[in-house]
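Report on the following structure.
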Amino acid sequence: MFFGPLAFIFILLFFFYIVFFFFMVQINLIALAFTKIGIPSEYVFTALFFSLVGSFINIPIKKIPQHTMTDETMVRFFGSRYRIPNWQKMETVLAVNVGGAVIPVLISIYLLFKTGLWGRAAIATAIITMVTYRFAKPIKGVGIALPAFLPPVLAALISVFVAYHGAPVVAYISGTIGTLIGADILNLRKIGNLGAPLVSIGGAGTFDGIFLNGIIAVLLAVFLSA
């Protein structure tokens, strides 16, 4: 079947419309999650903007020498495919992702001082830390990987039990801080054997890893505590 130039243009426009629609749905869900945890409405866009832009920013903090670098081009883990770039330098750069680590930590600190849910948040965070540490696996050439929906689902369930009325806040804090500690920080000693060019605490890329953990955990906690 052949399409004329005009039909092709309409198909292309429809494709971009669908992509734009799903992107806007994602943005609205993220904005809703920020509102539910108590971020003032006038600061929701600011938090969203810095989270989005920050997801592309990795702050290098250390270079770790490697004995060997992987030559694999594709790695599978829990159904997810990770593409490995070609890399020549025999070192791994350890970095902190702004959108996936710095911003969530700052938001969590703000929420703790605002709500005073220190004890409940500590309990939930400790549980998430232990579970994510148990399931986080080092993947040669990639870094530390974790089943995608484990932290947010678990954070939402735990938050409902330990702080029913403050479940969204506790879900966000435990889903982000617990995963940062359990999956990333506690596994730093394994980086030297991974052969990955870059290991970013908090993940790297648009709305990746830790950031989405917090958002999904909040939305699930809102649903479960409704």
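Every number in this text was worked out from the coordinates using simple rules, so none of it is lab data. Keep in mind that what you see is a predicted model, and the values were worked out from it rather than measured. Neighbour counts are summed over all protein chains in view; Cβ atoms, including those assigned to glycine, are modelled from backbone coordinates with ideal geometry.
The peptide list 217-225, 167-175, put in order of mean Cβ contacts within 10 Å with the highest first, becomes 167-175, 217-225.
What FRET efficiency comes out for the pair Tyr43/Trp118, r = Cβ-Cβ distance, R0 = 30 Å, nearest 0.05? Calculated transfer efficiency: 0.85. For Lys190, list the lysines whose Cα falls under 28 Å from its own Cα; do not include residues on the same chain fewer than 8 positions away. Of all the lysines, those that pass the test against Lys190 - Cα under 28 Å, at least 8 places apart if same chain - are Lys62, Lys63, Lys89, Lys137, Lys140. As a calculated quantity, the FRET efficiency between Lys62 and Met130 at R0 = 25 Å, using C-beta atoms, amounts to about 0.45. Sequentially through segment 54-61, phi angles give Karplus couplings (6.51, -1.76, 1.60; θ = phi - 60°) of x, 5, 8, 10, 10, 9, x, 10 Hz, Gly and Pro residues having no value and appearing as x.
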